[in-house]
Structure formats: structure tokens, C-alpha cells
Amino acid sequence: MRNILMLVFLSVSAVFAQQNVQGASIAEKTKSMERHSGYFVYYWDAKEGKIYLEISRWNDELFYVNSLPAGVGSNDIGLDRGQLGGGRIVKFERSGPKVLLIQPNYSYRAITDNPDEKRSVEEAFAQSILWGFDVVAEQDSTVLVDATGFYMRDAHDVVGTLRRTNQGQFRIDPSRCAFYLPRTKNFPRNTEVEVTLTFSGNDPGAWVQQVVPTPEAITVRQHHSFVQLPDAGYKPRVFDPRSGYIPMSYQDYSTPIAEPVVKRFILRHRLTKKDPAASISEALKPIVYYVDRGAPEPVRSALLDGARWWSQAFEAAGYKNAFRAELLPDSVDPMDARFNVIQWVHRATRGWSYGNALADPRTGEIIKGHVTLGSLRVRQDFLIAEGLVADYEDGKVTDPRMQEMALARIRQLSAHEVGHTLGLQHNYIASTVNRASVMDYPHPLTTLNSDSTLDISRAYATGIGEWDKVTIAYGYQDFSRDINESKALTEIIMNAAARGLIFLTDQDARPQGSSHPQAHLWDNGVNAVDELNRIMQVRTVALNRFSERKIRTGMPMAMLEDVLVPVYMSHRYQVEAAVKVLGGLRYTYALRGDGQVPTIMVPPAEQRYALEALMATLKPEALALPERILRLIPPRPEGYGKNREHFASRTGMTLDPLSVAEASANLTTGLILHPARAARMVEYHSRDKTFPGFDEVIGRLLSGTWYARHGSGYLAGIQRVVDATVLNHLMSLALDTDASQQVRGISLLKIRELKVWLERETKSTKDGDQQAHIALALSLIKTFEESPEDLKLPTAVNPPAGPPIGGVGCDWDR
């Protein structure tokens, strides 16, 4: 009985305690706390290290953003300083003592005045409750909640990112977490709170060990923003797949049956003219970007210059002073959601730059543009310039052309990433029309002077491109009321197409599976094959001029390899471009009735021309490093270890010229024998016998490698490396269950033909090296035929890292 009475007493006490908490006024609860007025009033409890929020906006939607103002510093892990998390529309709802932070589902809607239709969609698709708060005090319709747990969580999913990148199992250690008050601020339209979080764990991965002083404790900062949503004055603009814009979409279930349920609009900033009828007008509110003060000179000025190029496009669209780039004021926090920012971000290794933005999911209006530029990119361009034109001598001033080329790239990169945050996608066909867009990926254009010296004065284009003016006109032109907007937008696109300015993007440019012969990454020139032939000439000159003068006096001679890599592999991107002519298909994002030709197969003569240019990159003479270069580069000394930026080696610490050749040959061969490209060649040949079939391509590969005269010495050694690469790719393709049956069958047939030739050749050759080469090939083919499951092909040597590492490209973070 005594125990029962005690339980009753404790229960009643708990009820009274809860009533006292709920009955307490906000003033009483917060009397010893520091009050901060603003969008959401918050209180700082210094004694307990807590933050309390006042909430009175019930069911009013607002924008919530999490971000990472202080990151980890590893491109491979991908937790960069300034990284934005997802932007979400949220609202607060109260249910008794509980306050819920709810994210409505804007992917599915019913845009109608009928509340029953709206409710049917809302109830059909799940919402997300992001957090639940307990009311600790209230006054009238305002409540006070303890928001400490909400802010101290891993909102940016650092733990998940570390796990996905195999860097260990980490968890938040509450004893090493606290609010970061210097960046916890309040403003009339936004409330900003920042926290320091420490993640502890065992067995940290190599990338964590590289950048964290105590790898078992990773401390970063996470930022939370509550932001007032834009007003209803923004007018969404319809997405057109030919326009070059990033789309946003949702499904509207109130749409009439005869109309598409999916609605598509473009992402863009709000921009309106003071006088839409005027040919030139100032904007009511200009778009302003702020450059990180942490960027050093002369990089800082280059970033400002490149970003300001966009003013040219807005002026062409009829705006005056509508776009500006300025230095970030000391008083502005770069994570403040009200400001567009270009951040200069350091990492331990080079990596991608990217343009990200926060957009209103209701309309597509961009709220904040945020650019991340990796600081090591400029140094990589300088390294490329060193390999091309450096001629270091004692007492000689560094050639200014190298720094100017690097800065020219930074200007272009700044403009490129800002373009993403204006709503623009990559346009990878623009390079074929006089470098018509900063939204392409540019390769440094190197030309030959009459005296066979190299010229990098036009390495990168200057200023905004003609395509960029088209996209800005489509997205930001403010039409007067007497203009038919839909018709005017179509005219912008079709007038551009008449000038040869069209749009093709990421899916069209990748060398592995895409087919367009003019949409490429890191290429130059109207014709990809002509440019490959030209680049091979430039590469030959660069290698012939390569010497110890490519590094400064006093540097280890082994450092010559750093400069050699981008010179030797300077043709790699043009190989990727030229190979797309094989089995290539020209196409446009044609709409019915717009008059564009949807598809044209690349003519047979062009395909065979491309194949010959690609075969030239497999010749031993093209792959061989000159003997004088090999004599210059010793093994790397202590403190200067090798990494993925260097050539792989099968000879231990020494530079391995055969593996260097294999890396280049592996690139070309793998692209030629890609299963999707092979399948297209089979298809085209079946439709028209004048087109080169896949059997013809393999035949040409074999005639230029295995069946060619091998000779002796170093060049013969390289030839055997190329032979082996071709055979390994052929066998892999024949065993690839994702490849088409005909592709696998043709590959198998050609392997059997090669086997017959090898058996005949082994009886006639007297060269011991060649006999060994043939013996291994026959052994592999025997295993391939009799027990393919036991076939273990040698691990391929891949080229050193080329594009910035860690993904597929700078991108809009969608």
C-alpha cells in the first residue's frame, strides 16, 4: 500500500510540474537569459548553454537551410567549407504541449481554389516532420521551446558522409559540442544559428587521417537559417529543354485530363525592369554577388572580374547595372541566406568547384546563389603552363605568361560557377561555335608559332559568350504587357539556333556512353578529329622541348614528373571527344514544329577518319617518352611521395615508361571498345552497309597493334603493351553480359581469329620477347575459351587524375 501511495504521489507531482512548466510565462522563464530580437526571437541561456525560440507564426511557411561553414578540408570526403545543405519550406504546428516542424510535400500539389482537391493530394503523399519541440513556457498565442536539441543535431549528415566514403563510424560527442555565438545572429527577415559539433570514432579512414589533427575527433561547424520566404510578386517562367536552364518540376493533380500533369519551370533570380517597355532599363533590385575576402590577390581580382562578365549578358538583355560583383563586407556572414556569395575554399587535394543555390520549391525563384571555388585549381593551371612554356634560369624572372594563363582560367571559372547559380546548365557544344559559352568546360588552347614555340596567349576566352547572352535573355528578359511572352521566348531560342547556337549538356558529353560528335568536356575546335590531330602535334613539340628548365633551380629533379604528366596526357580529352565520332549521332533537343533536324548519323567517312586519328595515338612513336626525359627523372626523394597525380609504375619507385604508355593506350582502347559505342556501330551498319561495322573497327585495332610489325627494342616493348591492352579489353567486352549479343559475338570471333594468327606466328618468330608475349596471350585466350570464370586479366594501368577529382564535374547541387 505504501508503494502504491508513493507512485500516486509521484504521478501527481509530475502532473503539477508539467502544469507549472506550461503555465510559466515566457518573461519568467527567460528573465535571466539574453534576448535577441529578429525574425524569430531567441534567448541565449549562458548558464545552461542553451537556446530557446519564441514561436508565434503558426502554419506560416518559411525557408529552412542547413549548411557547413567550417568543413573537413578533403575533396574526397566532400564536406567543404561553405557547403549548403538542402533548402526546405517548413512550418510550425502546435498540438498540445508539442510543437512540430513540418516540411510540406511540394512535389505533388493541386493548384486550385477547391480545398477538397488540395486536401486529397496532401493526404495522398507523405509530409516530413523534421523535429518535435516541447513547450516550456507560453504567453497568449506565443510559445517558448528549447531548440538546443534541434540545433545540436547532425543536420548536414556528416556521419552519413563519413560512412559512405568509408572513413569510419562516427557519432556526435555532446560533451564537445557548443553554440558558436560569433555567427549566431538575428535579423528582421532571417534568424541564423551556428553550432560547433565534434564527431568521435575509431578506425578513421585515410582521408580523415590526412586532414584532421586528431583523426578520432572531427570538429566542424553547422549553420541553421530560418528565412522569410519571398513574397508573391515572382512570376515563374516555363522550362524549355532548348533553353539551357536548370528545371524544377512538380505534379499538379488539378490539371485537366487533356493537359500534362507534370509542370516544369526554370530556376532563376527575381529580376524586373523599372520600365519593361524601355529597350534599356535599370532593375528594381539588381543581382549582387559577393566575393570571399579570404581569396588572395591577384586571385581575388580575377574572381571579381570573371563574375562581372555576366553584366555583359544582362546589358544585352536590356538591363542597366542589373548585375554586380563586389567584395564581401566584413559585416556579412557568407552563410547568411540573404546574400549571394563566391567562396574561395581550400582542400588538401585539388577538386571540383561548383555552383549551388537555394531556390523556392513553390516557384523556382532562386533565394541565394553560393559558389565554391577550390583554391588548388589555379595552381593546376599554372602547372600546365609550366609544362608548356616554362624556361627557368638562375636569376631570370618567372615568365608572366604562366600566371596570366592561370588567372585567365580563374576568371572563366568564376563566371562559369556563377552561371550555375543564375540557373544555367552546362552547354558542352558551345566550344564548337567560337567558344560561345562560359558554361562549357574549356581546355587551354595552345597553338604553334612559326618558329615551333608554343603560344598560350589565347588559352582561355575572355568575356561572356554569345550563348550566355541567349540564356540570360530567355530567363531574365522582362517583357512589357503588350508582348506575347511565350512567342517571344521561342523566338529567342530559334534565332539563336539559326546562328548555330544550340544547347547540349552533361548527358550528351560524357565520352563513355553518349554519342554526339560535338558535345564534349575540355575540348576545343569545330571538328573533334581535326583538333585531336592538331593537339598531337602540339604535344610532340611540348615533349621535344621538355627539359630540366621546367622546374626551378633547387627543386628535386623528381619533381619533373609533376610537370610531365599534364604535358604527356594533354591529348586525353581530345581523344574522348574524337572517339564520339565513332558510332556518332548528331541530334538536337528538337520540339515538334520547330524545324530542327532531330537526328543524323555521323557519315561513314567521318567515322573512319576518326578511327585513323585514334589509331595514331596508339603508335609506339606517339606513346614513347624520349630517352633524354627518362634520364632526367629519378625516384622521388623522402618527403616528396607519389600520389594519384603521378604515373603508376610496375617497376617500383622508378618512372616506368611502359606503364606510362599503357595508361594512354588503355584510355584510347577502352573508349573505342565501349559496349554502347560498339552496339551503335552494329546498328548503323545493319541499317546501311556503307557505315563501318564493329568488326571493321576491331579489325583495324588488330591490324595496327598485334598484326603490325613489332621490330625490336623500346618501341617494340611499347607495342606489346598496346597489344595486351587491346586483347584485355576485347576479352572483357566479350564477357560483358550488359553488352549486346552481337557485340559479344563479334568480339569472340575476332579473338578466335587472333588466336589462329598467334598460333601461326609463334612458329615463325625467332624473337624471344615476342615469343613470350604470344605465349601469354595464347594462355589467356585458352582460359577465356575453356573456363572464363577463372580468367584473371592484369589490372589495367589508368592515367593519372585528369579532371578535378572526386566526381563527374562541377555541378549544380540538386
*Select from segment 181-208 the residues that are within 21 Å of D157 (Cβ to Cβ) and in a strand (DSSP E or B) and list them in ascending order.*
E192, V193, E194, V195, T196, L197, T198, F199, S200, G201, N202
_Just the residues that are assigned to a helix (DSSP H, G or I), open to solvent by 50 Å² or more (accessible area, probe 1.4 Å) and of a type in the set (S, T, Y), please, taken from segment 705-731._
Y714
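Condition check ((1) out of contact with any Lys or Arg (no Cβ under 6 Å at 6 or more places or on another chain); (2) touching a residue at least 24 places away in the same chain (Cβ under 8 Å); (3) more than 21 Å from S740 (Cα to Cα); (4) of a type in the set (A, V, I, L, M, F, W, C)) across all residues:
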{"residue": "Y609", "(1), (2), (3), (4)": "yes, yes, yes, no"}
{"residue": "A624", "(1), (2), (3), (4)": "yes, yes, yes, yes"}
{"residue": "I633", "(1), (2), (3), (4)": "yes, yes, yes, yes"}
{"residue": "E638", "(1), (2), (3), (4)": "yes, no, yes, no"}
{"residue": "A663", "(1), (2), (3), (4)": "yes, yes, yes, yes"}
{"residue": "A678", "(1), (2), (3), (4)": "yes, yes, no, yes"}
{"residue": "M681", "(1), (2), (3), (4)": "yes, yes, no, yes"}
*asked:* On the basis of being among the hydrophobic types (A, V, I, L, M, F, W, C) and in contact with a Pro (Cβ under 8 Å, 6 or more places away or on another chain), does V99 make the cut?
replied: no
*asked:* Could you tell me how many of the residues in segment 436-451 are over 29 Å from the mean Cα position of the chain (by Cα) and either within 12 Å of V538 (Cα to Cα) or assigned to a strand (DSSP E or B) (or both)?
replied: 2
*Residues (outside any loop (DSSP other than H, G, I, E, B) and open to solvent by 20 Å² or more (accessible area, probe 1.4 Å)) located in segment 165-177*: Q169, R171, I172, P174, S175, R176
*asked:* Considering only segment 523-540, I want to know if a residue exists there that is more than 21 Å from the chain's Cα centre (by Cα), open to solvent by less than 40 Å² (accessible area, probe 1.4 Å) and over 22 Å from R458 (Cα atoms).
replied: no
*asked:* What's the number of the only condition in (1) outside any loop (DSSP other than H, G, I, E, B); (2) more than 14 Å from S431 (Cβ to Cβ) that E531 fails to meet?
replied: (2)
*Does L68 meet the test of being within 30 Å of W344 (Cβ to Cβ) and open to solvent by less than 10 Å² (accessible area, probe 1.4 Å)?*
yes
*Output the number of residues of segment 209-265 satisfying the condition of being of a type in the set (S, T, Y), surrounded by 18 or more Cβ atoms within 10 Å (Cβ to Cβ), in contact with a helix residue (DSSP H, G or I) (Cβ under 9 Å, 6 or more places away or on another chain) and not in a loop (DSSP other than H, G, I, E, B).*
1
*Of all residues in segment 276-286, count the ones that are in a loop (DSSP other than H, G, I, E, B) and at pLDDT 95 or above.*
4
_Neighbours by Cβ (under 8 Å, 6+ apart or cross-chain): first from segment 113-125, assigned to a helix (DSSP H, G or I); second among the aromatic types (F, W, Y)_ = E117/Y253; S120/Y253; V121/Y108; V121/Y253; A124/Y108
*Just one of (1) open to solvent by 20 Å² or more (accessible area, probe 1.4 Å); (2) farther than 18 Å from I55 by Cβ; (3) in contact with a strand residue (DSSP E or B) (Cβ under 7 Å, 6 or more places away or on another chain); (4) not small (G, A, S) trips up L162, so point out which.*
(1)
*How do the strands (runs of 3 or more DSSP E) wholly within segment 309-420 filter down when requiring 1 or more residues that are out of contact with any Gly (no Cβ under 9 Å at 6 or more places or on another chain) and open to solvent by less than 40 Å² (accessible area, probe 1.4 Å): which remain?*
323-327, 366-374
*Could you tell me which residue of segment 266-275 is surrounded by the fewest Cβ atoms within 10 Å (Cβ to Cβ), considering only residues that are within 36 Å of the chain's Cα centre (by Cα) and not aliphatic (A, V, I, L, M)?*
T272
*Output the number of the condition that N495 fails; it satisfies all remaining conditions of (1) closer than 18 Å to Y589 by Cα; (2) open to solvent by 40 Å² or more (accessible area, probe 1.4 Å); (3) in contact with a helix residue (DSSP H, G or I) (Cβ under 6 Å, 6 or more places away or on another chain); (4) in a helix (DSSP H, G or I).*
(3)
*Please find, within segment 732-776, the residue that is surrounded by the most Cβ atoms within 10 Å (Cβ to Cβ) out of those that are outside any helix (DSSP H, G or I) and of a type outside the set (A, V, I, L, M, F, W, C).*
S740
*Does segment 425-466 hold any residues that are of a type in the set (V, I, T), open to solvent by 10 Å² or more (accessible area, probe 1.4 Å) and either closer than 21 Å to A307 by Cβ or touching a Cys at 6+ places or on another chain (Cβ under 8 Å) (or both), and which are they?*
T462, I464
*Would you mention how many residues in segment 538-556 are hydroxyl-bearing (S, T, Y), within 29 Å of G639 (Cβ to Cβ) and either assigned to a helix (DSSP H, G or I) or modelled with pLDDT of 95 or more (or both)?*
1
*asked:* Going residue by residue through segment 498-517, is there one that turns out to be part of a helix (DSSP H, G or I), in contact with a strand residue (DSSP E or B) (Cβ under 6 Å, 6 or more places away or on another chain) and farther than 30 Å from Y568 by Cα?
replied: no
*asked:* Any residue that is over 23 Å from V418 (Cα atoms), over 27 Å from the mean Cα position of the chain (by Cα) and of a type in the set (V, I, T) - is there at least one of those in segment 487-496?
replied: yes
*asked:* Return the residues of segment 196-208 that are open to solvent by 20 Å² or more (accessible area, probe 1.4 Å) and more than 12 Å from L79 (Cβ to Cβ); say none if nothing qualifies.
replied: T196, N202, D203, A206
*Does segment 35-52 contain at least one residue that is modelled with pLDDT under 50 and surrounded by 10 or more Cβ atoms within 10 Å (Cβ to Cβ)?*
no
*asked:* Suppose the filter is in a strand (DSSP E or B) and closer than 29 Å to Y180 by Cα; does A155 pass it?
replied: no
*Could you please find all residues in segment 89-132 being open to solvent by less than 70 Å² (accessible area, probe 1.4 Å), under 30 Å from P69 (Cβ atoms) and within 34 Å of the chain's Cα centre (by Cα)?*
I89, V90, K91, L101, I102, Q103, P104, N105, Y106, S107, S128, L130
*Between residues in segment 89-100 that are in contact (Cβ under 8 Å) with a residue 40 or more places away in the chain and residues that are among the polar types (S, T, N, Q), which pairs lie under 7 Å by C-beta distance while being six or more apart or on different chains?*
I89/Q103; V90/Q103; P97/Q22
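The values are calculated or read from the model by the stated rules, or taken from the named source; none is laboratory data. Source: prediction; values computed, not measured. FYI the Cβ positions are ideal-geometry reconstructions off the backbone, even for glycines, and counts take in every protein chain you see. Note: areas computed on protein heavy atoms with side chains; ligands, DNA, RNA excluded. Shrake-Rupley method; radii C 1.70, N 1.55, O 1.52, S 1.80 Å.
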